[in-house]
Amino acid sequence: LSETCELLCQSTMSSALARPLESALSTMLEQIHKDHERPLAINALHCQLACLGQTDNPQAAKDAANASRQQVEQCMAKCNAAVEAFRQAQQQEVAQIQTVVQRGIAQCTDTARQSLPASPSERQVNRAQQNAEACAKKSFATAEALVPKAEQRLREHAKKLMQATSR
(Lines give C-alpha, C1' and ligand atoms only; values in the text may rest on other atoms or scores of the structure.)
Protein backbone atom coordinates (compact mmCIF):
# COMPACT_ATOMS: atom_id res chain seq x y z
CA LEU A 1 0.00 0.00 0.00
CA SER A 2 2.70 2.45 0.82
CA GLU A 3 4.24 4.27 -2.06
CA THR A 4 8.01 4.11 -2.07
CA CYS A 5 9.69 7.32 -1.13
CA GLU A 6 13.28 8.01 -0.22
CA LEU A 7 12.79 9.39 3.28
CA LEU A 8 10.24 6.83 4.44
CA CYS A 9 11.77 3.78 2.82
CA GLN A 10 15.07 4.38 4.56
CA SER A 11 13.21 3.30 7.66
CA THR A 12 11.67 -0.07 8.44
CA MET A 13 8.86 1.92 10.07
CA SER A 14 7.03 2.45 6.78
CA SER A 15 6.01 -1.19 6.39
CA ALA A 16 4.99 -1.31 10.05
CA LEU A 17 2.82 1.77 9.47
CA ALA A 18 0.97 -0.01 6.66
CA ARG A 19 0.14 -3.17 8.63
CA PRO A 20 -2.97 -1.92 10.49
CA LEU A 21 -4.46 -0.57 7.26
CA GLU A 22 -3.61 -3.74 5.36
CA SER A 23 -5.17 -5.80 8.16
CA ALA A 24 -8.34 -3.67 8.20
CA LEU A 25 -8.69 -3.95 4.42
CA SER A 26 -8.04 -7.68 4.45
CA THR A 27 -10.59 -8.25 7.20
CA MET A 28 -13.18 -6.11 5.42
CA LEU A 29 -12.67 -7.83 2.06
CA GLU A 30 -12.82 -11.30 3.61
CA GLN A 31 -16.09 -10.48 5.40
CA ILE A 32 -17.57 -8.85 2.29
CA HIS A 33 -16.60 -11.94 0.30
CA LYS A 34 -18.36 -14.28 2.75
CA ASP A 35 -21.43 -12.12 3.26
CA HIS A 36 -22.03 -10.80 -0.24
CA GLU A 37 -19.71 -11.96 -3.01
CA ARG A 38 -20.35 -15.66 -2.41
CA PRO A 39 -24.14 -15.29 -2.46
CA LEU A 40 -23.86 -13.25 -5.67
CA ALA A 41 -21.66 -15.99 -7.14
CA ILE A 42 -24.17 -18.67 -6.11
CA ASN A 43 -26.96 -16.74 -7.84
CA ALA A 44 -24.76 -16.42 -10.91
CA LEU A 45 -24.11 -20.18 -10.96
CA HIS A 46 -27.82 -20.99 -10.67
CA CYS A 47 -28.50 -18.55 -13.49
CA GLN A 48 -25.75 -20.10 -15.63
CA LEU A 49 -27.15 -23.57 -15.03
CA ALA A 50 -30.49 -22.30 -16.30
CA CYS A 51 -28.71 -20.97 -19.41
CA LEU A 52 -27.48 -24.50 -20.00
CA GLY A 53 -30.92 -26.01 -19.49
CA GLN A 54 -30.34 -27.35 -15.98
CA THR A 55 -33.52 -26.03 -14.40
CA ASP A 56 -36.74 -27.28 -12.87
CA ASN A 57 -38.73 -25.10 -15.26
CA PRO A 58 -39.59 -27.31 -18.28
CA GLN A 59 -40.14 -24.35 -20.64
CA ALA A 60 -36.84 -22.73 -19.64
CA ALA A 61 -35.05 -26.06 -20.14
CA LYS A 62 -36.61 -26.41 -23.59
CA ASP A 63 -35.66 -22.82 -24.50
CA ALA A 64 -32.09 -23.42 -23.34
CA ALA A 65 -31.86 -26.65 -25.32
CA ASN A 66 -32.85 -24.75 -28.48
CA ALA A 67 -30.56 -21.77 -27.83
CA SER A 68 -27.58 -21.10 -30.06
CA ARG A 69 -24.04 -21.07 -28.73
CA GLN A 70 -24.00 -17.27 -28.89
CA GLN A 71 -27.29 -17.03 -26.97
CA VAL A 72 -25.96 -19.36 -24.27
CA GLU A 73 -22.74 -17.34 -23.98
CA GLN A 74 -24.69 -14.09 -23.74
CA CYS A 75 -26.98 -15.61 -21.13
CA MET A 76 -24.02 -16.78 -19.04
CA ALA A 77 -22.25 -13.43 -19.32
CA LYS A 78 -25.42 -11.68 -18.17
CA CYS A 79 -25.60 -14.04 -15.20
CA ASN A 80 -22.06 -13.16 -14.16
CA ALA A 81 -22.49 -9.38 -14.59
CA ALA A 82 -23.45 -8.75 -10.96
CA VAL A 83 -20.42 -10.61 -9.63
CA GLU A 84 -18.12 -8.70 -11.96
CA ALA A 85 -19.74 -5.38 -11.05
CA PHE A 86 -19.26 -6.14 -7.37
CA ARG A 87 -15.61 -7.11 -7.83
CA GLN A 88 -15.03 -3.90 -9.73
CA ALA A 89 -16.66 -1.90 -6.91
CA GLN A 90 -14.33 -3.60 -4.41
CA GLN A 91 -11.31 -2.72 -6.51
CA GLN A 92 -12.45 0.89 -6.76
CA GLU A 93 -12.92 1.20 -3.00
CA VAL A 94 -9.46 -0.23 -2.29
CA ALA A 95 -7.92 1.99 -4.98
CA GLN A 96 -9.50 5.08 -3.40
CA ILE A 97 -8.02 4.20 -0.03
CA GLN A 98 -4.62 3.53 -1.61
CA THR A 99 -4.80 6.93 -3.29
CA VAL A 100 -5.39 8.61 0.06
CA VAL A 101 -2.27 6.91 1.43
CA GLN A 102 -0.18 7.73 -1.63
CA ARG A 103 -1.21 11.39 -1.61
CA GLY A 104 -0.57 11.66 2.12
CA ILE A 105 2.87 10.08 1.89
CA ALA A 106 3.77 12.23 -1.10
CA GLN A 107 2.80 15.32 0.87
CA CYS A 108 4.79 14.10 3.89
CA THR A 109 7.82 13.47 1.72
CA ASP A 110 7.55 16.85 0.03
CA THR A 111 7.26 18.62 3.37
CA ALA A 112 10.27 16.74 4.76
CA ARG A 113 12.38 17.49 1.68
CA GLN A 114 11.44 21.16 1.77
CA SER A 115 12.50 21.35 5.41
CA LEU A 116 16.06 20.31 4.55
CA PRO A 117 18.77 22.79 3.58
CA ALA A 118 20.90 22.21 0.46
CA SER A 119 23.56 20.31 2.41
CA PRO A 120 21.78 18.82 5.43
CA SER A 121 23.56 17.37 8.41
CA GLU A 122 22.85 13.85 9.55
CA ARG A 123 20.88 15.28 12.46
CA GLN A 124 18.71 17.33 10.08
CA VAL A 125 18.09 14.30 7.86
CA ASN A 126 17.16 12.19 10.90
CA ARG A 127 14.77 14.90 12.09
CA ALA A 128 13.18 15.13 8.62
CA GLN A 129 12.76 11.33 8.61
CA GLN A 130 11.09 11.41 12.00
CA ASN A 131 8.73 14.15 10.85
CA ALA A 132 7.96 12.27 7.64
CA GLU A 133 7.23 9.07 9.58
CA ALA A 134 4.94 10.89 12.01
CA CYS A 135 3.16 12.49 9.07
CA ALA A 136 2.89 9.14 7.26
CA LYS A 137 1.43 7.54 10.39
CA LYS A 138 -1.35 10.13 10.25
CA SER A 139 -1.89 9.38 6.53
CA PHE A 140 -2.28 5.67 7.24
CA ALA A 141 -4.63 6.40 10.15
CA THR A 142 -6.72 8.68 7.93
CA ALA A 143 -6.94 5.94 5.29
CA GLU A 144 -7.77 3.28 7.88
CA ALA A 145 -10.63 5.44 9.13
CA LEU A 146 -12.12 5.25 5.62
CA VAL A 147 -12.45 1.45 5.69
CA PRO A 148 -15.79 1.27 7.56
CA LYS A 149 -17.45 3.69 5.11
CA ALA A 150 -16.03 1.70 2.18
CA GLU A 151 -17.41 -1.47 3.72
CA GLN A 152 -20.81 0.14 4.18
CA ARG A 153 -20.88 1.28 0.53
CA LEU A 154 -19.90 -2.21 -0.65
CA ARG A 155 -22.60 -3.84 1.48
CA GLU A 156 -25.24 -1.47 0.09
CA HIS A 157 -24.00 -2.07 -3.46
CA ALA A 158 -24.12 -5.84 -2.96
CA LYS A 159 -27.68 -5.67 -1.61
CA LYS A 160 -28.80 -3.70 -4.67
CA LEU A 161 -27.09 -6.19 -6.99
CA MET A 162 -28.66 -9.10 -5.12
CA GLN A 163 -32.11 -7.55 -5.41
CA ALA A 164 -31.60 -6.93 -9.12
CA THR A 165 -30.48 -10.52 -9.77
CA SER A 166 -33.28 -12.05 -7.67
CA ARG A 167 -35.98 -10.70 -9.96
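Whenever a residue of segment 108-132 is touching a residue at least 60 places away in the same chain (Cβ under 8 Å), its partners that are surrounded by fewer than 14 Cβ atoms within 10 Å (Cβ to Cβ), lying with C-beta atoms within less than 6 angstrom and at least six residues away or across chains, give the pairs A128/S115. Of all residues in segment 108-162, those satisfying the criterion of being over 27 Å from R38 (Cβ atoms), in contact with a Leu (Cβ under 6 Å, 6 or more places away or on another chain) and of a type in the set (A, V, I, L, M) are A112, A128, A132, A136. Determine whether C5 is of a type in the set (A, V, I, L, M, F, W, C), modelled with pLDDT of 85 or more and either closer than 27 Å to A164 by Cα or open to solvent by less than 60 Å² (accessible area, probe 1.4 Å) (or both). Against the criterion (of a type in the set (A, V, I, L, M, F, W, C), modelled with pLDDT of 85 or more and either closer than 27 Å to A164 by Cα or open to solvent by less than 60 Å² (accessible area, probe 1.4 Å) (or both)), C5 does not qualify. If the condition is being open to solvent by 50 Å² or more (accessible area, probe 1.4 Å), of a type in the set (D, E, K, R) and touching a residue at least 40 places away in the same chain (Cβ under 8 Å), then segment 133-158 contributes K137, E144, R153, R155. Only one of the listed residues (V72, V94) is without any contact (Cβ under 8 Å) to a residue 60 or more places away in the chain, surrounded by fewer than 19 Cβ atoms within 10 Å (Cβ to Cβ) and either of a type in the set (D, E) or out of contact with any Gly (no Cβ under 8 Å at 6 or more places or on another chain) (or both). That residue is V72.
The values are calculated or read from the model by the stated rules, or taken from the named source; none is laboratory data. Nothing here was measured: the structure is a model prediction, and the numbers come from that model. Please note: Cβ atoms are built from the backbone with ideal geometry, for glycine as well, and neighbour counts cover all protein chains shown. For the accessible areas, the whole protein counts, side chains as well, though only heavy atoms, and no ligand, DNA or RNA atoms are used. Shrake-Rupley method; radii C 1.70, N 1.55, O 1.52, S 1.80 Å.
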